[in-house]
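Please find one structure pasted underneath; my questions will follow.
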Amino acid sequence: MKISVIGCGYLGAVHAATLASMGHTVVGIDIDPGKIAQLAQGAAPFHEPGLDELLRDGIATGRLRFTTDPAAAGGAQVHFLCVGTPQDKTSDAADLTFLVSATEALLPHLAAGAVVVGKSTVPVGTVDMLRGVLASRPDVLLGWNPEFLRQGTAVKDSLVPDRLVYGVDGGRTGAFNLSTGAPLGVAAALDAVYEPLLAAGIPRLVCNFATAELIKSAANAYLATKVSFINAVAELCDAAGADITELSEAMGLDPRIGSRYLHAGLGFGGGCLPKDIRSFRIQAATLGVPAVEDWMHLVDAVNLGQRQRTVGLAEELCGGTVAGRSIAVLGASFKPDTDDIRDSPALDVADRLAAAGAHVTVTDPKAVNLAWRRYPRLRFEASAARALQDAELVLLLTEWDEYRQLCPAAAGQQVRRRVVLDARNVLDAAAWEDQGWVVRGLGTSAAASTAAAAAH
């Protein structure tokens, strides 16, 4: 098939490369000429494992190209809308400006019978709004196919997804021929797009538009709930003298609960999860569902509270104030295996420490070049060894493998004071303590580690 992908940011670039790898002819379209030039060379404008190889393969075969010209979408059978839906600058609602602009730019280039499919995460009711944009083209079909990518594993998530969701007019009853069971319209087009995945047994769910619009936000809201719940319990563990790592391990063995996303730490960030739960809260408020509205407000508050809590623990480990102290921060990206610093908990904590008078040096394997311009009062180093030099406190804030695997003996030779705040609870505390380190986690023996740090 000939397919266009409108918007070549994180979602669009991955989706375009994946579709080309399935054998389709794909054109990626974006208004940013710098981004397009980089993608056309087979290099992603962000760090995502495996994506550069997929881009180069698609370009080499001639099945994948990138352009700023919306006319290049002409003749495509399916058009995927993959533009960003960031949080509005004046509220917690989603900003759909880019989505509407992209649809309007695409409108003159739609062939009769073309299928326009949204993939962006949007509030319920968005499809109805886009129907208005496409009102002059009754010969064009509209569908919704929400994405479920995770940064750091997006290529794998695209090639071997957990599920495919089709939002179509009328839901399941409108998607199939009632007598033969054959897919119709949008469902038939998406079946053709995803034929290799369906042949491999990937589950396909067909639903109405409202359900498809809510699925991604609801899934993210549930994941955020698990993270914030275990972080709230971690604070309870500190107050009670319990250990959150042992408690969460025991909880995770319950098959009704499971262990995924039940790991206490600094909390979540990034360009998706925080804005999605806030948009979900606004949707609930608009629709008059206070239970979901209040729940999302609490989940968000607990998550943001982890950042100030981490700053407070750093102050405790420094004897009550971080002013004048040299602090090394391991991690700048919001999570490992990405260079994305949007709403990064690590950089938020580092900046708060600097605002309190600390001399903060941040290191990260991939995100330093993006972060140093945004955070001028922070110092950045490319290597962990240089960041650790003469540090009086070390904070592990993004759980990159290279920080998990740091040698505590070697790190101890570089710092001035062997005190580490493991805000992701990923270090082997016993191994570090054997090398004379005071190790403090979130929800793990607060009183003992604070007292030991004071004695250092």
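Which condition does N220 not pass, out of (1) closer than 19 Å to L164 by Cα; (2) surrounded by fewer than 15 Cβ atoms within 10 Å (Cβ to Cβ); (3) within 23 Å of the chain's Cα centre (by Cα), if it passes all the others?
(2)
While we're here: Name the pairs: first residue in the range 373-388 and closer than 11 Å to Q414 by Cβ and modelled with pLDDT of 95 or more, second residue basic (K, R) and part of a helix (DSSP H, G or I), Cβ to Cβ under 6 Å, at least 6 apart or on different chains?
Partner pairs satisfying both residue conditions: none exist.
For every residue, the table says whether it meets (1) within 19 Å of V233 (Cα to Cα); (2) of a type outside the set (S, T, N, Q); (3) in contact with a His (Cβ under 9 Å, 6 or more places away or on another chain).
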site	(1), (2), (3)
L247	yes, yes, no
A264	yes, yes, no
G267	yes, yes, no
K275	no, yes, no
T286	no, no, no
V289	no, yes, no
W295	yes, yes, no
D300	yes, yes, no
L304	yes, yes, no
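Now a separate question. Given the residues V193, V186, V206, which is the only one that is buried (at least 21 other Cβ atoms within 10 Å of the Cβ), touching a residue at least 12 places away in the same chain (Cβ under 8 Å) and touching a His at 6+ places or on another chain (Cβ under 9 Å)?
When all the criteria are applied, what remains is V193.
Which count do you get for residues in the range 355-387 that are assigned to a loop (DSSP other than H, G, I, E, B), among the aliphatic types (A, V, I, L, M) and either out of contact with any strand residue (DSSP E or B) (no Cβ under 6 Å at 6 or more places or on another chain) or closer than 22 Å to D401 by Cα (or both)?
The number of residues fulfilling the criteria is 3.
Would you point out the residue of the range 126-145, among those that are surrounded by fewer than 15 Cβ atoms within 10 Å (Cβ to Cβ) and among the small types (G, A, S), that is nearest to the chain's Cα centre (by Cα)?
G132
I need the full set of residues from the range 331-347 which are assigned to a helix (DSSP H, G or I) and out of contact with any helix residue (DSSP H, G or I) (no Cβ under 8 Å at 6 or more places or on another chain), in order please.
A346
I'd like to know if the range 176-185 contains one or more residues that are over 28 Å from the mean Cα position of the chain (by Cα) and at positive phi.
Within the range 176-185, one or more residues are over 28 Å from the mean Cα position of the chain (by Cα) and at positive phi.
Let me ask something else about it. Could you check how many residues of the range 413-427 are at negative phi, buried (at least 19 other Cβ atoms within 10 Å of the Cβ), in a loop (DSSP other than H, G, I, E, B) and not β-branched (V, I, T)?
Number of matching residues: 5.
Whether any residue in the range 84-92 is touching a strand residue (DSSP E or B) at 6+ places or on another chain (Cβ under 7 Å) and under 27 Å from L184 (Cβ atoms) is what I want to check.
No.
Considering only the range 390-409, state which residues are surrounded by 15 or more Cβ atoms within 10 Å (Cβ to Cβ), more than 19 Å from K335 (Cβ to Cβ) and in contact (Cβ under 8 Å) with a residue 60 or more places away in the chain.
The answer is A391, E392, L393, V394.
Here is a follow-up. Would you mind finding the one in A429, A423, A411, A371 that is in contact with a Leu (Cβ under 8 Å, 6 or more places away or on another chain) and closer than 21 Å to T245 by Cα?
A423
Sticking with this structure for a sec: Quick check on my filter: what residues within the range 306-322 are in contact (Cβ under 8 Å) with a residue 12 or more places away in the chain and among the small types (G, A, S)?
A314, G319
Residue-wise test of (1) modelled with pLDDT under 95; (2) assigned to a helix (DSSP H, G or I); (3) exposed (fewer than 14 other Cβ atoms within 10 Å of the Cβ); (4) of a type outside the set (G, A, S).
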| site | (1), (2), (3), (4) |
| --- | --- |
| A350 | no, yes, no, no |
| L353 | no, yes, no, yes |
| A411 | no, yes, no, no |
| W432 | no, yes, no, yes |
| A448 | yes, yes, yes, no |
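Okay, next question. Which is aliphatic (A, V, I, L, M) and exposed (fewer than 13 other Cβ atoms within 10 Å of the Cβ), of L253, L298?
L253
If we keep just the residues of the range 281-291 that are touching a residue at least 60 places away in the same chain (Cβ under 8 Å) and part of a helix (DSSP H, G or I), which is farthest from A218 (Cα to Cα)?
The residue in question is I282.
Follow-up question, since we're still on this one. Select, from D88, D139, D95, the only residue that is touching a residue at least 12 places away in the same chain (Cβ under 8 Å) and of a type in the set (D, E, K, R).
The conditions single out D139.
Rundown of residues vs (1) assigned to a loop (DSSP other than H, G, I, E, B); (2) under 30 Å from A212 (Cβ atoms); (3) not small (G, A, S), yes/no style:
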{"site": "A234", "(1), (2), (3)": "no, no, no"}
{"site": "C237", "(1), (2), (3)": "no, no, yes"}
{"site": "L262", "(1), (2), (3)": "yes, yes, yes"}
{"site": "L266", "(1), (2), (3)": "yes, no, yes"}
{"site": "S279", "(1), (2), (3)": "no, yes, no"}
{"site": "V302", "(1), (2), (3)": "no, yes, yes"}
{"site": "G312", "(1), (2), (3)": "no, no, no"}
{"site": "V329", "(1), (2), (3)": "no, no, yes"}
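Something else about it: Give me the pairs: first residue in the range 151-171 and among the acidic types (D, E), second residue surrounded by fewer than 20 Cβ atoms within 10 Å (Cβ to Cβ), beta-carbon distance under 7 Å, and six or more apart or on different chains, which are they?
Qualifying pairs under 7 Å: D157/F148; D157/R150; D162/F148.
The values are calculated or read from the model by the stated rules, or taken from the named source; none is laboratory data. Note that the structure is predicted; figures quoted are calculated from it, not measured. Cβ atoms come from the backbone with ideal geometry, glycine included; neighbour counts cover every protein chain shown.
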